[in-house]
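Structure in structure tokens, see below.
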Amino acid sequence: MDEEVIPILRVRDAAAAMEWYGRLGFAQEWVHRFEPGLPAFVSAARGRVRLFLSEHRGDARPDTLIYLRLHGLDAIAATFGVAVEEVPWGREVALRDPDGNRLRISAPLDPGA
């Protein structure tokens with residue numbers, strides 16, 4: 001198994017958050033609850049990129065910022081109705097999920113550049 005880092009984002013409603021992240025191309029892998037009716041902990045994946053979405057208080061702070069490199073930057077910008085910004089290190093968009101978590105998304109770097 002490859003090593004990886006998986007950011008945990010605090011969400012109020014994991015199902016609603018998963019719907020929003022689905023617009024970014026993430027799919028739900030699994031949901032864990034200690035018992036029915038208790039807070040959900042969800043794994044969301046887009047290829048090899050993973051996020052954990054947690055309804056548990058204390059797992060993560062609201063207003064978190066994560067940086068993602070994803071293919072299809074122009075399509076993502078169009079889906080969310082935002083402009084792609086030209087920055088010295090490439091192109092990126094800034095999004096905020098329904099729970100206030102901030103995402104900066106850029107296109108993968110061109111290794112030949």
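Each value in this text was obtained by applying a stated rule to the coordinates, not by laboratory testing. Predicted model, so just to flag it, every value in this text is computed and none were measured. In this analysis, Cβ positions are derived from the backbone assuming ideal geometry, glycine residues included, and neighbour counts consider all displayed protein chains.
What net charge is computed for the residues neighbouring Ala107, neighbours being all others with C-beta under 9 Å from the C-beta of Ala107, Lys and Arg scored +1, Asp and Glu -1?
Taking every Cβ under 9 Å from that of Ala107, the sum is -1.
Could you point to the label whose value was computed as percent of Cα pairs over 24 Å apart for the structure here, given [x] 22; [y] 27; [z] 41?
Of the listed options [x] 22; [y] 27; [z] 41, [y] comes from this structure.
Using the C-alpha atoms of the stretch 1-45, what convex hull volume per residue, in cubic angstrom, is computed?
96 Å³
Continuing with this model, one more query. Running a GNM on the chain with Cα contacts under 10 Å, which residue among Val49, Val31, Val87 ends up with the highest mean-square fluctuation?
Val87
Let me ask you something else. 222 nm [θ] for the chain, helices only, -39500 (n - 2.57) per DSSP H run of 4+, per residue, to 500?
-4000 deg cm²/dmol
Also, quick follow-up: Take every DSSP beta bridge whose two residues both sit in the chain, then give the antiparallel share in percent to the nearest 5.
70 percent
Okay, moving on. Amide H neighbours of Leu9 under 5 Å, counting only residues 5+ apart in sequence or on other chains, H built in-plane at 1.01 Å?
Here Phe52, Leu53, Ser54 satisfy the definition.
Here's something else I'd like to know. Go through 98-104, 67-73 and give me the packing order, highest mean Cβ count within 10 Å leading.
In descending order of packing, they fall as 98-104, 67-73.
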